[in-house]
Amino acid sequence: MTAGPPGGAGEAPPAYHLILFVAGRERNSLLARENLQRICRDRLNDACELMVVDVLEDMTLAAEHNILLTPTLLVLEPQPPVILIGNLNDAHKLCSALRIEEKP
Amino acid sequence: MLDRLQRAEEYIEALRREEVDAVIGRENILVLSLQKMQRQLHLSEERYRSIVENQSEFVCRRTPDGVITFVNEAYGRFFGHPRAELIGRRFDPAGIDADAGAPGAPIGFKGPDGTIVPTEFECRAVIDGRHRWIRWIEKAIVDEHGQPFEIQCVGRDITRQKEDAQTLQSAHIELAATVKALEDVNRELSEYSAAVTCEIKEQIRAVLNYAAFLHEDLEGELKEEQQQYLDGLKTAASRGHALVEDLKSFAQVGKHPEECEAVDLDRLVKETIAAQHLRPVIDVVVPDAWPELEVQPTLLKMILGQLISNAVKFNTSDKKRIEVGWQHAAAGRIEIFVRDNGIGIDAKLQHLIFGIFKRLHVESAGEGTGIGLAIAGKAARLLGGTLRCDSVPGTGSTFTLDLPSVMSPRS
């Protein structure tokens, strides 16, 4: 699933390029998806390219990026890349990874 | 390097927080349901502990160089040491003294297909002053490089089996000696009886000869009484001779074991009857069909011959009738019978007739020492069967031979 339409001609490219590696409908994977989608919606105004990769269906991308555990969030843009492991319940860590301020 | 360390720390941290669903391996993915796994691990541990603790076999784990890392309750009990005391000590299969019995292949011996082959060996130990035998099975537990990092030893007290085996062996030896002694005695008796009968026959022959000489020399000169004495002498000597001969025959029965063979009973019975040379006036009835039987033919002929002969001898009927027949009996056995319309045998005396030299009807029997049925009875026993008599005085007798033989019914 990807969120947000690709940028049309003349529009600025999305500021965020995120890949979330999950394992099917496992508990932590579902939590991570929920948390990420909420923050994309609320804080990033969906201006992000989000790719969700189910390693149970295809693990090649995970192998390419040396991902060992799921769920893992890989923030490719903005640089430098950041990896966040876990269900992303920790808002502070998530905001930090996305380089946004935590909402009070 | 730092990155990798940091990454590793993050992994551990995420696992600790139980926020990990799956681990991605090189070729497959392990989905973790951590709580479930922990529960399963706990259950497995409990099960293992229960198995190890509740069994009577001794379980011990040790390092490859022999230092004990774990023993179960049974081990501590058997060797008479508290478990805590044994941890860290050197493992010794005999517990206290190493005695007879050395391990076979070295621990961690790899079989042809690469699997670890357990080593089995027995050794003797002295526990509380008593010799005990233990059978050990040792197996190396190897790491991912195939190197043993622990040896698991499971032992069982086999003292009882060893003692039983030794008792059995002693009993066998004793039995063999007894059998040999019996065989020796048997042979001696046989030789003795052969020598004795030979001697006796010699003496009896001598008596008969002298009686004959006297008869020749004194013919016409003897008083009636004296003639009677001389006749009596000859009769007694002849009878003695016959008795010795029959005794020898009785001893000979079954002396040279005969092979069982498939016998056509129809032919055997007809041959036996023919050998009796019965007069045509005697009625002999036989069935049309006989089964084939696995039996020793000579012994069977001996029995039937004797029964048929008796059926004629002990028969004062005007029209003598003998019936030879057979029938199925219980449990796959067969009964062959000889029935006559002879003088019969008093019920009170029937048990005597199979005795040696037992003659019940001396007047009508004529010649014969009374050994016939004894011989028939012995032959029946050798065939694995029994011989019995059912009789009504004045009506007749039926002698039935019950045999356990394998039958192949004729088509």
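Remarks
- Nearest-20 debye value, the protein assembly as shown charge dipole, Cβ charges on Lys, Arg, Asp, Glu: 880 debye
- Among the listed pairs B:LYS301/B:LYS378; B:LYS270/B:LYS301; B:LYS248/B:LYS348, those with a Cα-Cα distance over 21 Å are B:LYS248/B:LYS348.
- Top positive-direction residue, dipole computed over the protein assembly as shown with Cβ charges, set B:VAL285, B:THR272, B:ILE356: B:ILE356
- Qualifying lysines (Cα of each under 21 Å from Cα of B:LYS223; at least 8 residues distant if same chain): B:LYS234
- Gain on full stretching of the segment that runs from B:THR197 to B:ASP3 - 0.36 nm per residue minus C-alpha separation: 58.5 nm
- Only helices reaching 20 angstrom along their own axis (Cα) with mean Kyte-Doolittle hydropathy no lower than 0.5 count here, and for the DSSP H runs of chain B these are B:297-313.
- Pairs of C-alpha atoms in the protein assembly as shown farther apart than 46 Å represent 60 percent of all such pairs.
- Under 5 Å from the amide H of A:LEU69 lie the amide H atoms of B:ILE24, each residue being 5 or more positions distant or on a separate chain, with H modelled from the backbone and absent for Pro and chain starts.
- Over chain B, the hull volume per residue, using the convex hull of the C-alpha atoms, is 338 Å³.
- The overall shape of chain A is oblate: from the C-alpha gyration tensor, with semi-axes ordered a ≥ b ≥ c, the ratio a/c is 1.5 or greater and a/b is no larger than b/c.
- Mean sequence separation of contacting Cα pairs (under 8 Å, at least six apart), scaled by the length of segment B:124-246, corresponds to a relative contact order of 16 percent.
- Loop-exposed GluC sites (Glu not before Pro) per DSSP, neighbour cap 11 Cβ within 10 angstrom, longest uninterrupted part of chain B: B:28-143
- Here, segment B:127-167 has an Rg and a Dmax of 15.6, 48 Å when only alpha carbons are counted.
- Cα gyration tensor shape of segment B:150-276, rounded if a/c is under 1.5, else prolate or oblate by comparing a/b with b/c: oblate
- Based on Cα contacts under 8 Å between residues 6+ apart, chain A shows a relative contact order of 33 percent.
- Extreme residue, positive dipole direction of chain B, given options B:GLN227, B:GLY76, B:LEU189 (C-beta unit charges): B:GLY76
- Residue mean of other protein chain beta carbons inside 10 Å, A:48-61: 1
- Extent along the principal axes, Cα only, for segment B:212-367: 66, 40, 34 Å, with the longest axis given first.
- For A:LYS103, the aspartates and glutamates whose Cα comes closer than 19 Å to its Cα, not counting residues fewer than 8 places off in the same chain, are A:GLU34, A:ASP42, A:ASP46, A:ASP90.
Bear in mind these aren't lab numbers, they're just calculated from the coordinates by the rules spelled out. Because the structure is predicted, anything quoted here is derived from the model rather than measured. Because the Cβ atoms are built from the backbone with ideal geometry, glycine has one as well, and the counts that use them run over all protein chains shown.
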